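Below is one structure, written out as structure tokens, with a few remarks after it.
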Amino acid sequence: MAAAADALTANLTTSGTARALAYLASPTDVFAVPMPVVEAARDGGDIKRRGRMIGGPLRTLTGGRMFAPNYRVVVDGEDGQQFGLADSVVPQQGPNYALAKRCSGGAPSSPENRS
């Protein structure tokens, strides 16, 4: 099944049929997000301005757990691009859970990610 998925994704990306690929993964993971998406999330537009009235006090009351800013950490990639990290790991689940999710196929099964 993994080989068939690899062949399909390779065909779609090399033929130009697919502009991007998306993978279904566990929501309890860390994802690298391109900077245009990070900047759009940080901007927030009108929603952000209206949310300050509610979000600021609630963030203070909950010790920063509610309404925390998105993408607190930005990292540099090997190619010079920057990525925001969407860290949705639940600390209460512990490191064994995160390791088990990763070993059970949480990562995309593309040939580039098998090294």
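The values are calculated or read from the model by the stated rules, or taken from the named source; none is laboratory data. What you see is a predicted model; the values in this text were computed from it and never measured. So basically every Cβ, Gly included, is an ideal-geometry build from the backbone, and we count neighbours across all protein chains shown.
How about the range 69-90: which of its residues are in a loop (DSSP other than H, G, I, E, B) and under 16 Å from the mean Cα position of the chain (by Cα)? 69, 70, 71, 72, 77, 81, 88, 89, 90, listed by residue number. Within the range 58-67, at least one residue is within 18 Å of the chain's Cα centre (by Cα) and either farther than 25 Å from residue 28 by Cα or modelled with pLDDT under 85 (or both). Beta carbons closer than 9 Å, at least 6 apart along the sequence or on distinct chains, pair a first residue in the range 77-96 that is over 13 Å from residue 28 (Cβ atoms) with a second that is acidic (Asp, Glu) and in a strand (DSSP E or B) for 82/76; 83/76. If you take the residues of the range 1-34 that are of a type in the set (A, V, I, L, M, F, W, C) and modelled with pLDDT under 75, which of them is farthest from the chain's Cα centre (by Cα)? Once the filter is applied, the top-ranked residue is 1.
Return the total of residues in the range 75-86 being under 11 Å from residue 39 (Cα atoms) and in contact with a Phe, Trp or Tyr (Cβ under 8 Å, 6 or more places away or on another chain).
Kept after step one, since they are under 11 Å from residue 39 (Cα atoms), are these residues of the range 75-86: 83-84.
Now drop any that are not in contact with a Phe, Trp or Tyr (Cβ under 8 Å, 6 or more places away or on another chain), which leaves 84.
Qualifying residue count, the range 75-86: 1.
For residues that are modelled with pLDDT under 75 and surrounded by fewer than 12 Cβ atoms within 10 Å (Cβ to Cβ), tally how many sit in the range 35-51. Can you show your working first?
Taking the range 35-51 and keeping what is modelled with pLDDT under 75, we get 44-51.
Okay, now just the ones that are also surrounded by fewer than 12 Cβ atoms within 10 Å (Cβ to Cβ), so 45-47, 49-50.
So the answer is 5.
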